1. Failed condition for residue A:159, given (1) modelled with pLDDT of 90 or more; (2) within 14 Å of another protein chain (Cβ to nearest Cβ), with all others met?
2. If residue A:106 meets every condition in (1) acidic (Asp, Glu); (2) within 19 Å of the chain's Cα centre (by Cα); (3) within 14 Å of chain B (Cβ to nearest Cβ) apart from one, which number is that one?
3. Kindly indicate which of A:134, A:112 is buried (at least 19 other Cβ atoms within 10 Å of the Cβ), polar (S, T, N, Q) and out of contact with any Asp or Glu (no Cβ under 9 Å at 6 or more places or on another chain).
4. Do the conditions hold for residue B:84, that is, is it crowded, with 20+ Cβ neighbours inside 10 Å, away from every other protein chain (no Cβ under 14 Å) and over 23 Å from residue A:31 (Cβ atoms)?
5. Search the range A:1-36 for residues being surrounded by 10 or more Cβ atoms within 10 Å (Cβ to Cβ) and polar (S, T, N, Q), and hand back the single one that is nearest to residue B:140 (Cα to Cα).
6. Being small (Gly, Ala, Ser) and farther than 30 Å from residue A:112 by Cβ is the filter here, so list the residues in the range A:25-70 that pass it.
7. Which one is surrounded by the most Cβ atoms within 10 Å (Cβ to Cβ), of the residues in the range B:140-151 that are touching a residue at least 60 places away in the same chain (Cβ under 8 Å) and in a loop (DSSP other than H, G, I, E, B)?
Amino acid sequence: MTRSASGWLTNHKGIVAGVGVPVLVLAWWLFRPEKLWINKQVNEPPPFAANSVPQPLYTGLLAGKAHPTSGRASIYQTPDGKRYLRLTDFTTSNGPDVHVLLARSDDQNLTQELVKSDLDGVELGSLKANQGDQNYDLPDAVDLEKYDAVVVYCERFHVVFGLASLERF
Amino acid sequence: MVREIKFAVGVAALVVAFGLGSSVYAQGNTKQEDNAKALETGTFHGKVHQTSGRATIYQEQDGRLVLRLTHFKTSNGPDVHVILIAAKDADDDANFLKSDVERVELDKLKGNEGDQNYDIPAGTDLSKFRTVSIYCERFNANFGAAPLQKF
């Protein structure tokens, strides 16, 4: 059977080629396997003037921990290189001695509502208000690859009000 | 009557003293008035075809909407398009033809890596189309999806 089948194939090379080649071409067109190795890189400019106004570098959504907290935390950079944190659509509960900190998102202290040991963080200032848009200047040397979380934190009782992990904008 | 007033004043004083129910409201400004405004943003997830990066929708001063992809990376493939879908998010292996999800076509994917912009048709309701998808039209395969949230 195999012998006669291969014999048939050799005797009808024209038919085999006439069917096989279009099938291969169709399969290539459908799957374009070469694209597995070929990347197409583009680099379009943003649809706005990027050098005249502050640009967001990082952003993340705030989630409540011990107290309901919501809104967006974004780090902006001004054209002259200064960086600041901006909270938008922000709301948390009002409380005593509440501060805004940058911390490390992998800090085990932040998995609980109450911080037991010292929190490795960068102090940005007392929370200006428990609702509304607000800005906090960042110290010049903060490494945002390391301190990649924003924490709304009650210093007096070591309570984490809310937390946002920052991702590149 | 006087006693009631005294009582009310007392309660009010207590409320003020303990800060109950009082809120402080701040309004810092962005200094971004004369520029395109970021309305929505989200990050891509996609495991079947590794997809990552950020999708942001900007509104230009004249009102036009533009989708911009940044830090973007997906696998190259045949007939890949950028679409908006009327859903909060999409599964990594979603088939929008089967699930009959309403969608808005933006364009063919310009490149599988890098920053890129896509015009959004006028009149697209962003409260309905909440997810950006990188979508292979030929095989109805979702390469990656970015659920959008207000920026």
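1. Evaluating residue A:159 over (1) modelled with pLDDT of 90 or more; (2) within 14 Å of another protein chain (Cβ to nearest Cβ) leaves (2) as the failure.
2. Condition (3) is where residue A:106 drops out.
3. Answer to the check: A:134.
4. Yes.
5. A:6
6. Answer for the range A:25-70, where residues must be small (Gly, Ala, Ser) and farther than 30 Å from residue A:112 by Cβ: A:27, A:49, A:50, A:52.
7. My answer is B:148.
The values are calculated or read from the model by the stated rules, or taken from the named source; none is laboratory data. Remember, predicted model here, so these are calculated numbers, not experimental data. Note: ideal-geometry Cβ built from the backbone for every residue, glycine included; neighbour counts use all protein chains shown.
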